[in-house]
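Bear in mind these aren't lab numbers, they're just calculated from the coordinates by the rules spelled out. Since we're looking at a predicted model, the values are computed, not measured. All Cβ positions, even for glycine, are placed from backbone atoms using ideal geometry, and neighbour counts span all protein chains on display.
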């Protein structure tokens, strides 16, 4: 099982800054925009972006929520394992808001499909966009594409993209692992 | 990745500590779901559940039904009074007929202890015991412990007294199993006639003086006198029972700490607790009802994920 570094800490940081600027370009002061990190690992991307936008680009207020999609997934009872949930924490309505869904890796698109279904429980958004740090572009099962992408990767199906974060795993790094 | 150690929920006796922990953690997420404006998730959209009630129930049946609907399961309801059971059909036949219509899970309440266990040995579906005679009522005990955990932070190390008719109560037995499993200290309190012999062997202490019990406890779980199960006279009059084992505001005010009051319902106001106690800030009776839906969603979700 070999692994190679796909993105280093420095590269991740540059990409996050670029993504933050792209969000700024489209949403300016974030007055009618909310960011929603998909649990469990999209939340790290969402938190980093929020931090950059607030501290470096002086956006005063950004609504940030965490969305758990476990109960909306389409593979319930299809695997061997019980799907374990994580917390949802969205203390605002998305009704008429521009929502940016944020995840770390876009692979089959099924998580995003579930997230779109889950989002409906919090109102009818005006518009939904998708931001993803890694886009595995040849692996999609559904017609879902990101509006903002960090890095496009042509990983094949028996490869795995693993994203590590300093606050959770000790360092920022993205690996491509050969299974 | 964790999952339940059991295929059915027949009683707390068959669960381990990790199972209870997993059910509580899953219930936390469902509690968030049922407090949204849209209280429904699609997890169980391809699961069918039969609610089979051979005994009357309002709260439990409603709570299970809501839990199932909020998980998007299809449900069928069956109550014995309007069924072929009255025409002499056996339990296995009744259930097998229902299962032939492609039902995946059965929630059953039955007057006979062990009815769920018996059924689990003879039919293929996943069984949830919603009360079997004087034996167990596992989801009630889970929601009671969950409510204690919510109010006091943890169940371990807490002093809990169960007051009333311990002899006929499935709620008491399931609660004793659940509380002991989580490391709580348990006392039972009631007239000697309504305390089973050898109850100490379950690791609980017996206290016949209510005031002493209340002074000792952090939580008092008040049970209803189940007149429908009392075949003989266990105490002289209801009035005398109330005088000795009823909780009122005056009694609570005399304690040097504020204890938590629970009741599995239905309440007989003025018998086991007075209205001012039932409606006070110390009472978490309505929280128990709310938590009941979240706990049942968690149990159904976790058991359903094992149906292949």
*Helix B:91-100 sits at what angle to the longest principal axis of chain B, using alpha carbons and giving 0 to 90 degrees rounded to 10?*
50 degrees
*Based on other C-beta atoms within 10 Å, arrange B:37, A:9 from fewest to most.*
B:37, A:9
_Using Cα-Cα distances under 8 Å and only pairs 6 or more residues apart, what relative contact order does region B:138-288 have, in percent?_
24 percent
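Normalising by the residue count of chain A, find the relative contact order in percent from Cα pairs under 8 Å and 6+ residues apart.
In percent, rounded to a whole number, it is 25.
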*Of B:292, B:246, B:11, which is the most mobile in a GNM of chain B whose springs link Cα atoms less than 10 angstrom apart?*
B:246
*By how many nm would the segment from residue B:7 to residue B:287 grow when fully extended, if each residue of separation counts as 0.36 nm and the alpha-carbon distance is taken off?*
98.0 nm
_P(r) tail fraction, region B:1-71 - alpha-carbon pairs more than 19 Å apart, %_ = 49 percent
*Centroid-to-centroid separation of region A:115-135 and region A:32-62 [C-alpha atoms, Å]*: 15 Å
*May I ask for the percentage of alpha-carbon pairs in chain B that lie more than 25 Å from each other?*
48 percent
*Using only helices, what value at 222 nm comes out for the protein assembly as shown when you add -39,500 (n - 2.57) per DSSP H run of length 4 or more and divide by the total residues, to the nearest 500 deg cm²/dmol?*
-10500 deg cm²/dmol
*Which percent of Cα pairs goes in each bin when the distances of region B:55-94 are cut into 10 angstrom slices starting at zero?*
24, 42, 31, 3
*Selected from B:92, B:166, B:127 as most flexible by GNM, with chain B as the system and alpha-carbon contacts under 10 Å*: B:92
_Given all pairs of different Cα atoms, what value in angstroms does the Kirkwood hydrodynamic radius of the protein assembly as shown take?_
25.2 Å
*Starting from the alpha-carbon convex hull of region B:52-144, give the projected area averaged over all orientations, in nm².*
6.0 nm²
*Rounded to the nearest 0.05, what FRET efficiency is calculated for residue B:250 and residue B:197 with R0 set to 45 Å and r the Cβ-Cβ distance?*
0.85
*Return the distance in nm (one decimal) between the two label points of a simple spin-label model at residue B:231 and residue B:38, each offset 7 Å from Cα along Cα→Cβ.*
5.4 nm
*asked:* One quarter of the convex hull surface, Cα atoms only: what value does that give for region A:84-175 in nm²?
replied: 7.0 nm²
*asked:* What does the extension gain come out to for residue A:5 and residue A:152, with contour length at 0.36 nm per residue minus their alpha carbon separation?
replied: 51.5 nm
_Rough spin-label spacing in nm, given labels placed 7 Å along Cα→Cβ, for residue A:137 and residue B:257_ = 6.5 nm
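Across peptide B:30-37, how many C-beta atoms of other chains are within 10 Å of each residue C-beta, on average?
3
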*Looking at region A:87-135 from every direction and averaging, what is the projected area of its Cα convex hull in nm²?*
3.5 nm²
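Just to check, using Stokes-Einstein with a Kirkwood Rh over alpha carbon pairs, what's the diffusion coefficient of region B:181-308 at 25 °C and 0.890 mPa s in µm²/s?
Approximately 149 µm²/s, per Stokes-Einstein.
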*May I have the convex hull volume per residue, in Å³, for the Cα set of region A:3-178?*
121 Å³
